[in-house]
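Everything on this sheet refers to the single structure shown next.
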Amino acid sequence: AKEQGRNQMEAYQPSMSHMADERLALERNLRKAIERDELVLYYQPQIDLTDGRVCGMEALVRWNSPEHGMVPPLQFIPFAEECGLIVPLGDWVLRNACLQCKHWQDQGLPALKVAVNISTLQFHQLHFADKVQAVLEETGLEAKYLCLEITESVAIQNEEQALALLNQLTALGISIAIDDFGTGFSSLSLLHKLPVHQIKIDKSFIGDKSPQGAQIAKSIISLSRSLNMNVLAEGVETEEQYDFLAQHKCDSIQGYLISRPVSAYEFEQWHRARLN
Ligand code: C2E
Ligand code: CA
Ligand code: CA
Ligand code: CA
(Lines give C-alpha, C1' and ligand atoms only; values in the text may rest on other atoms or scores of the structure.)
(Ligands and ions follow the chains in the order given, each with its own letter.)
Protein backbone atom coordinates (compact mmCIF):
# COMPACT_ATOMS: atom_id res chain seq x y z
CA ALA A 1 0.00 0.00 0.00
CA LYS A 2 2.86 2.28 0.84
CA GLU A 3 4.46 1.57 -2.54
CA GLN A 4 1.20 2.31 -4.30
CA GLY A 5 0.84 5.62 -2.49
CA ARG A 6 4.27 6.71 -3.60
CA ASN A 7 3.56 5.88 -7.21
CA GLN A 8 0.40 7.92 -7.08
CA MET A 9 2.31 10.87 -5.75
CA GLU A 10 4.75 10.62 -8.60
CA ALA A 11 1.98 10.50 -11.11
CA TYR A 12 0.50 13.75 -9.84
CA GLN A 13 3.61 15.71 -8.97
CA PRO A 14 6.44 15.33 -11.43
CA SER A 15 9.64 15.12 -9.42
CA MET A 16 12.72 17.12 -10.21
CA SER A 17 14.41 14.14 -11.80
CA HIS A 18 11.35 13.58 -13.94
CA MET A 19 11.62 17.13 -15.20
CA ALA A 20 15.32 16.68 -15.90
CA ASP A 21 14.44 13.57 -17.91
CA GLU A 22 11.94 15.56 -19.93
CA ARG A 23 14.49 18.24 -20.66
CA LEU A 24 16.97 15.62 -21.82
CA ALA A 25 14.33 14.06 -24.05
CA LEU A 26 13.45 17.45 -25.50
CA GLU A 27 17.09 18.22 -26.10
CA ARG A 28 17.55 14.89 -27.88
CA ASN A 29 14.43 15.45 -29.99
CA LEU A 30 15.44 18.95 -30.94
CA ARG A 31 18.92 17.82 -31.89
CA LYS A 32 17.41 15.14 -34.10
CA ALA A 33 14.99 17.67 -35.56
CA ILE A 34 17.90 19.80 -36.74
CA GLU A 35 19.67 16.79 -38.23
CA ARG A 36 16.53 15.41 -39.88
CA ASP A 37 15.48 18.71 -41.39
CA GLU A 38 12.28 18.91 -39.36
CA LEU A 39 12.72 22.66 -39.00
CA VAL A 40 10.95 24.90 -41.48
CA LEU A 41 11.18 28.58 -42.19
CA TYR A 42 8.10 30.72 -42.56
CA TYR A 43 8.35 34.15 -44.13
CA GLN A 44 6.56 37.35 -43.27
CA PRO A 45 6.66 40.24 -45.76
CA GLN A 46 7.88 43.72 -44.93
CA ILE A 47 6.23 46.61 -46.77
CA ASP A 48 7.73 49.96 -47.70
CA LEU A 49 5.22 52.61 -46.59
CA THR A 50 6.26 55.13 -49.23
CA ASP A 51 5.22 52.97 -52.19
CA GLY A 52 3.39 50.01 -50.64
CA ARG A 53 5.84 47.55 -52.15
CA VAL A 54 7.29 44.45 -50.56
CA CYS A 55 10.85 45.34 -49.55
CA GLY A 56 11.85 42.34 -47.51
CA MET A 57 10.82 39.35 -45.46
CA GLU A 58 11.58 38.03 -42.02
CA ALA A 59 12.45 34.35 -41.71
CA LEU A 60 10.72 32.76 -38.69
CA VAL A 61 11.49 29.20 -37.70
CA ARG A 62 8.96 26.48 -36.82
CA TRP A 63 9.46 22.89 -35.83
CA ASN A 64 7.42 20.51 -37.92
CA SER A 65 7.42 17.67 -35.43
CA PRO A 66 6.04 14.27 -36.47
CA GLU A 67 4.73 13.96 -32.90
CA HIS A 68 3.40 17.44 -32.14
CA GLY A 69 2.76 19.05 -35.51
CA MET A 70 3.87 22.61 -36.24
CA VAL A 71 5.51 23.87 -33.07
CA PRO A 72 5.85 27.68 -32.69
CA PRO A 73 9.31 29.10 -31.92
CA LEU A 74 8.50 30.35 -28.43
CA GLN A 75 8.00 26.70 -27.43
CA PHE A 76 11.55 25.68 -28.31
CA ILE A 77 13.80 28.70 -28.97
CA PRO A 78 14.14 29.70 -25.29
CA PHE A 79 14.99 26.08 -24.48
CA ALA A 80 17.46 25.89 -27.38
CA GLU A 81 19.11 29.02 -25.99
CA GLU A 82 19.44 27.45 -22.54
CA CYS A 83 20.97 24.19 -23.73
CA GLY A 84 23.17 25.68 -26.44
CA LEU A 85 21.37 24.03 -29.34
CA ILE A 86 20.56 27.53 -30.59
CA VAL A 87 24.00 27.59 -32.23
CA PRO A 88 23.44 24.67 -34.68
CA LEU A 89 19.78 25.66 -34.97
CA GLY A 90 20.72 29.26 -35.76
CA ASP A 91 23.29 28.08 -38.31
CA TRP A 92 20.56 26.06 -40.01
CA VAL A 93 18.21 29.04 -40.07
CA LEU A 94 20.84 31.42 -41.45
CA ARG A 95 21.92 29.07 -44.19
CA ASN A 96 18.40 28.13 -45.28
CA ALA A 97 17.11 31.70 -45.22
CA CYS A 98 20.02 32.76 -47.47
CA LEU A 99 19.45 29.79 -49.79
CA GLN A 100 15.74 30.59 -50.14
CA CYS A 101 16.40 34.27 -50.75
CA LYS A 102 18.95 33.46 -53.46
CA HIS A 103 16.64 30.87 -54.97
CA TRP A 104 13.86 33.45 -55.40
CA GLN A 105 16.30 35.85 -57.02
CA ASP A 106 17.42 33.11 -59.41
CA GLN A 107 13.76 32.53 -60.29
CA GLY A 108 13.55 36.13 -61.43
CA LEU A 109 11.43 37.44 -58.58
CA PRO A 110 12.22 41.02 -57.54
CA ALA A 111 15.15 40.86 -55.14
CA LEU A 112 14.14 41.15 -51.50
CA LYS A 113 16.17 41.42 -48.35
CA VAL A 114 15.86 38.57 -45.89
CA ALA A 115 15.93 39.28 -42.15
CA VAL A 116 17.22 36.56 -39.84
CA ASN A 117 16.87 36.51 -36.03
CA ILE A 118 20.14 36.02 -34.17
CA SER A 119 20.20 34.95 -30.50
CA THR A 120 22.71 36.36 -28.06
CA LEU A 121 24.59 33.10 -27.67
CA GLN A 122 24.77 32.63 -31.43
CA PHE A 123 25.99 36.18 -31.93
CA HIS A 124 28.72 35.84 -29.32
CA GLN A 125 30.01 32.47 -30.55
CA LEU A 126 33.58 32.46 -31.76
CA HIS A 127 34.14 33.57 -35.36
CA PHE A 128 30.49 34.42 -35.96
CA ALA A 129 31.35 36.97 -38.67
CA ASP A 130 33.47 34.39 -40.50
CA LYS A 131 30.56 31.98 -40.36
CA VAL A 132 28.21 34.54 -41.86
CA GLN A 133 30.71 35.28 -44.60
CA ALA A 134 31.09 31.57 -45.36
CA VAL A 135 27.32 31.15 -45.61
CA LEU A 136 27.08 34.07 -48.05
CA GLU A 137 29.85 32.60 -50.18
CA GLU A 138 28.39 29.14 -50.12
CA THR A 139 24.84 30.22 -50.95
CA GLY A 140 25.88 32.93 -53.41
CA LEU A 141 23.66 35.53 -51.74
CA GLU A 142 25.00 39.07 -51.96
CA ALA A 143 25.60 40.57 -48.53
CA LYS A 144 23.32 43.53 -49.19
CA TYR A 145 20.32 41.18 -49.20
CA LEU A 146 20.93 39.94 -45.68
CA CYS A 147 19.79 41.68 -42.50
CA LEU A 148 20.57 40.30 -39.06
CA GLU A 149 18.09 41.07 -36.29
CA ILE A 150 19.59 41.35 -32.84
CA THR A 151 18.04 42.59 -29.62
CA GLU A 152 19.26 45.32 -27.35
CA SER A 153 20.45 42.75 -24.84
CA VAL A 154 22.94 41.34 -27.37
CA ALA A 155 24.72 44.65 -27.48
CA ILE A 156 24.54 45.29 -23.76
CA GLN A 157 25.96 41.96 -22.69
CA ASN A 158 29.41 42.65 -23.98
CA GLU A 159 29.52 46.13 -25.39
CA GLU A 160 33.10 46.15 -26.67
CA GLN A 161 32.89 42.76 -28.29
CA ALA A 162 29.47 43.48 -29.76
CA LEU A 163 30.70 46.71 -31.31
CA ALA A 164 33.74 45.03 -32.87
CA LEU A 165 31.63 42.21 -34.24
CA LEU A 166 28.96 44.52 -35.63
CA ASN A 167 31.66 46.51 -37.39
CA GLN A 168 33.02 43.31 -38.87
CA LEU A 169 29.57 42.26 -40.05
CA THR A 170 28.63 45.59 -41.58
CA ALA A 171 32.01 45.68 -43.34
CA LEU A 172 30.83 42.56 -45.18
CA GLY A 173 27.92 44.61 -46.49
CA ILE A 174 25.09 43.10 -44.48
CA SER A 175 22.71 45.26 -42.45
CA ILE A 176 21.77 45.11 -38.78
CA ALA A 177 18.35 45.67 -37.22
CA ILE A 178 17.55 46.12 -33.54
CA ASP A 179 14.55 43.91 -32.84
CA ASP A 180 11.84 44.53 -30.23
CA PHE A 181 13.12 48.04 -29.76
CA GLY A 182 11.87 49.78 -26.64
CA THR A 183 11.54 46.65 -24.53
CA GLY A 184 15.21 46.44 -23.54
CA PHE A 185 17.36 48.80 -21.62
CA SER A 186 19.94 50.00 -24.09
CA SER A 187 21.11 53.54 -23.64
CA LEU A 188 20.83 56.02 -26.43
CA SER A 189 24.55 56.63 -26.29
CA LEU A 190 25.16 52.95 -26.95
CA LEU A 191 22.69 52.88 -29.81
CA HIS A 192 24.41 55.88 -31.32
CA LYS A 193 27.76 54.06 -31.29
CA LEU A 194 26.53 50.88 -32.96
CA PRO A 195 26.50 50.43 -36.73
CA VAL A 196 22.76 49.77 -36.91
CA HIS A 197 20.65 50.33 -40.02
CA GLN A 198 17.18 49.65 -38.78
CA ILE A 199 15.13 49.89 -35.62
CA LYS A 200 12.11 47.63 -35.28
CA ILE A 201 9.45 49.11 -33.01
CA ASP A 202 8.21 46.33 -30.78
CA LYS A 203 4.70 45.14 -31.50
CA SER A 204 3.60 45.79 -27.92
CA PHE A 205 3.67 49.55 -28.65
CA ILE A 206 1.84 49.18 -31.94
CA GLY A 207 -0.90 47.06 -30.38
CA ASP A 208 -1.21 49.32 -27.31
CA LYS A 209 -4.55 51.15 -27.53
CA SER A 210 -3.65 53.74 -24.91
CA PRO A 211 -2.23 57.12 -25.98
CA GLN A 212 1.13 56.07 -24.50
CA GLY A 213 1.67 53.35 -27.08
CA ALA A 214 1.20 55.79 -29.95
CA GLN A 215 3.40 58.34 -28.21
CA ILE A 216 6.22 55.83 -27.80
CA ALA A 217 5.92 54.73 -31.43
CA LYS A 218 6.14 58.39 -32.50
CA SER A 219 9.17 58.95 -30.28
CA ILE A 220 10.97 55.91 -31.69
CA ILE A 221 10.27 57.09 -35.23
CA SER A 222 11.75 60.51 -34.56
CA LEU A 223 14.67 58.96 -32.67
CA SER A 224 15.42 56.76 -35.69
CA ARG A 225 15.23 59.83 -37.92
CA SER A 226 17.73 61.74 -35.87
CA LEU A 227 20.09 58.76 -35.72
CA ASN A 228 19.76 58.33 -39.48
CA MET A 229 18.32 54.86 -39.10
CA ASN A 230 15.51 53.20 -40.97
CA VAL A 231 12.47 52.39 -38.82
CA LEU A 232 10.04 49.47 -39.16
CA ALA A 233 6.91 48.86 -37.09
CA GLU A 234 6.08 45.24 -36.33
CA GLY A 235 2.74 43.77 -35.35
CA VAL A 236 0.63 46.04 -37.58
CA GLU A 237 -2.86 44.53 -37.52
CA THR A 238 -5.28 47.34 -38.38
CA GLU A 239 -5.83 50.04 -41.00
CA GLU A 240 -5.75 52.62 -38.21
CA GLN A 241 -2.26 51.52 -37.18
CA TYR A 242 -1.17 51.55 -40.83
CA ASP A 243 -2.48 55.10 -41.37
CA PHE A 244 -0.96 56.35 -38.13
CA LEU A 245 2.46 54.96 -39.07
CA ALA A 246 2.27 56.30 -42.63
CA GLN A 247 1.25 59.70 -41.31
CA HIS A 248 4.22 59.76 -38.96
CA LYS A 249 6.59 58.70 -41.71
CA CYS A 250 7.57 55.29 -40.45
CA ASP A 251 9.62 53.68 -43.25
CA SER A 252 8.16 50.21 -43.30
CA ILE A 253 5.81 47.81 -41.58
CA GLN A 254 5.26 44.16 -40.93
CA GLY A 255 2.16 42.48 -39.53
CA TYR A 256 -0.97 40.41 -39.91
CA LEU A 257 -2.68 43.28 -41.79
CA ILE A 258 -0.36 42.52 -44.70
CA SER A 259 0.24 38.83 -44.10
CA ARG A 260 0.92 36.32 -41.37
CA PRO A 261 4.22 34.46 -41.63
CA VAL A 262 3.63 31.77 -44.26
CA SER A 263 5.52 28.86 -45.83
CA ALA A 264 8.02 29.59 -48.62
CA TYR A 265 5.55 28.21 -51.16
CA GLU A 266 2.72 30.43 -49.94
CA PHE A 267 5.01 33.44 -49.74
CA GLU A 268 6.04 32.99 -53.35
CA GLN A 269 2.39 32.73 -54.52
CA TRP A 270 1.46 35.77 -52.48
CA HIS A 271 4.41 37.78 -53.78
CA ARG A 272 3.74 36.87 -57.43
CA ALA A 273 0.04 37.72 -57.11
CA ARG A 274 0.93 41.11 -55.65
CA LEU A 275 3.23 41.91 -58.56
CA ASN A 276 0.38 41.75 -61.09
P1 C2E B 1 10.13 38.29 -33.28
O2 C2E B 1 11.47 38.23 -33.90
O3 C2E B 1 9.75 39.54 -32.58
O4 C2E B 1 9.11 37.95 -34.46
C5 C2E B 1 7.85 38.53 -34.62
C6 C2E B 1 6.77 37.64 -34.06
O7 C2E B 1 5.55 38.37 -34.11
C8 C2E B 1 6.54 36.38 -34.87
O9 C2E B 1 6.12 35.36 -33.99
C10 C2E B 1 5.38 36.78 -35.76
O11 C2E B 1 4.60 35.69 -36.20
C12 C2E B 1 4.58 37.64 -34.84
N13 C2E B 1 3.77 38.61 -35.57
C14 C2E B 1 3.96 39.08 -36.81
N15 C2E B 1 3.00 39.95 -37.14
C16 C2E B 1 2.17 40.04 -36.09
C17 C2E B 1 0.97 40.79 -35.83
O18 C2E B 1 0.49 41.56 -36.64
N19 C2E B 1 0.41 40.62 -34.60
C20 C2E B 1 0.94 39.78 -33.66
N21 C2E B 1 0.32 39.68 -32.50
N22 C2E B 1 2.06 39.05 -33.88
C23 C2E B 1 2.66 39.19 -35.07
P24 C2E B 1 6.75 33.89 -34.08
O25 C2E B 1 6.98 33.50 -35.50
O26 C2E B 1 5.92 33.02 -33.22
O27 C2E B 1 8.18 34.09 -33.42
C28 C2E B 1 8.29 34.43 -32.08
C29 C2E B 1 9.71 34.78 -31.70
O30 C2E B 1 10.55 33.62 -31.79
C31 C2E B 1 10.36 35.81 -32.61
O32 C2E B 1 9.92 37.09 -32.24
C33 C2E B 1 11.81 35.55 -32.31
O34 C2E B 1 12.19 36.19 -31.12
C35 C2E B 1 11.84 34.05 -32.11
N36 C2E B 1 12.29 33.41 -33.34
C37 C2E B 1 11.58 33.02 -34.42
N38 C2E B 1 12.39 32.46 -35.35
C39 C2E B 1 13.64 32.52 -34.85
C40 C2E B 1 14.93 32.11 -35.35
O41 C2E B 1 15.09 31.59 -36.46
N42 C2E B 1 16.00 32.31 -34.52
C43 C2E B 1 15.86 32.90 -33.30
N44 C2E B 1 16.95 33.09 -32.56
N45 C2E B 1 14.67 33.32 -32.82
C46 C2E B 1 13.57 33.12 -33.59
CA1 CA C 1 12.57 39.45 -35.27
CA1 CA D 1 10.34 41.63 -32.95
CA1 CA E 1 10.34 39.15 -29.88
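Can you compute 3J(HN,Hα) from phi for each residue in the stretch 156-172, using the Karplus curve 6.51 cos²θ - 1.76 cosθ + 1.60 with θ = phi - 60°, rounded to whole Hz and x for Gly and Pro?
Working through the residues one at a time gives 6, 4, 8, 3, 4, 5, 4, 4, 4, 5, 5, 5, 4, 5, 6, 5, 6 Hz.
Roughly how big is the stretch 41-82's charge dipole about its Cα centre, with Cβ charges of +1 (Lys, Arg) and -1 (Asp, Glu), in debye to the nearest 20? The partial results should precede the final answer.
Numbers: 2 positive and 6 negative charges, 30 e Å.
I would put it at about 140 debye.
Considering only DSSP states other than H, G, I, E and B, which trypsin sites (Lys or Arg not before Pro) in the stretch 169-265 qualify as loop sites with at most 11 other Cβ atoms within 10 Å? Spell out each step's value before the answer.
Numbers: sites: K193, K200, K203, K209, K218, R225, K249; in loops: K209, K249.
Here the trypsin sites (Lys or Arg not before Pro) that fit, given the DSSP loop and packing criteria, are K209.
Tell me, what ³J(HN,Hα) does each residue in the stretch 46-54 have, in order and in whole Hz, if you take phi through Karplus 6.51 cos²θ - 1.76 cosθ + 1.60 with θ = phi - 60° and put x for Gly and Pro?
These are the phi-based 3J(HN,Hα) values: 10, 10, 7, 6, 6, 10, x, 8, 6 Hz.
Please report the spacing between the Cα centers of the stretch 49-63 and the stretch 66-88 in Å, no decimals.
What the calculation gives is 23 Å, centre to centre.
Residues with beta-carbon under 14 Å from that of L39, excluding L39: net charge, scoring Lys, Arg +1 and Asp, Glu -1? It would help to have the intermediate numbers written out before the result.
Numbers: positive: R31, K32, R36, R62, R95; negative: E35, D37, E38, D91.
Once all neighbours under 14 Å are counted, the net charge is +1.
List every residue whose amide H lies under 5 Å from the amide H of A233, counting only residues 5 or more places away in sequence or on a different chain, with H placed 1.01 Å from N in the peptide plane.
For A233, the qualifying residues are I201, S252, I253, Q254.
At a Cα cut-off below 27 Å, give the lysines reachable from K249, other chains included and same-chain residues fewer than 8 away excluded.
By straight Cα distance, K249 reaches K113, K144, K193, K200, K203, K209, K218.
Loop-only check: which GluC sites (Glu not before Pro) in the stretch 59-108 are DSSP coil with at most 12 other Cβ within 10 angstrom? If you can, show how the numbers build up before the last one.
Details: sites: E67, E81, E82; in loops: E67.
The qualifying sites are E67.
For an R0 of 45 angstrom, estimate the FRET efficiency from the Cβ-Cβ distance between F79 and D51 and round to the nearest 0.05. Write down the numbers at each step before the final one.
Values: r = 41 Å, r/R0 = 0.90.
Computed FRET efficiency for F79 and D51: 0.65.
Output wanted: per-residue J couplings in Hz (rounded whole) for the stretch 83-98, from phi through Karplus 6.51 cos²θ - 1.76 cosθ + 1.60, θ = phi - 60°, x for Gly and Pro.
My calculation for the stretch 83-98 gives 9, x, 5, 4, 5, x, 5, x, 4, 4, 4, 4, 4, 6, 5, 5 Hz in order.
Could you list which residues have their amide H under 5 Å from that of V262, counting only those 5 or more apart in sequence or on another chain, with H placed in the peptide plane?
Close amide H contacts, sequence-distant or interchain: Y43, Q44.
Summarise the accessible area of the stretch 85-208 (1.4 Å probe, protein heavy atoms) by the percent that is carbon and sulfur.
Values: 2790 of 5210 Å².
About 54 percent, which is the carbon plus sulfur part of the accessible surface.
Quote the charge dipole size of the chain about the Cα centre in Debye, to the nearest 20; the model charges only the Cβ of Lys and Arg (+1) and of Asp and Glu (-1).
200 debye
Using just the alpha carbons, could you tell me how many Å³ per residue the convex hull of the chain encloses? Walk me through the intermediate numbers first.
Values: hull volume 46.0 nm³, N = 276.
Spelled out: Cα convex hull of the chain, divided by residues, is 167 Å³.
The values are calculated or read from the model by the stated rules, or taken from the named source; none is laboratory data. All values derive from a computational prediction rather than experimental measurement. Quick reminder, even Gly has a Cβ in these numbers, built from the backbone with ideal geometry, and neighbours come from all protein chains shown. Ligands, DNA and RNA are stripped out before the accessible areas are found, and what is left, the full protein with its side chains, is counted by its heavy atoms. Shrake-Rupley method; radii C 1.70, N 1.55, O 1.52, S 1.80 Å.
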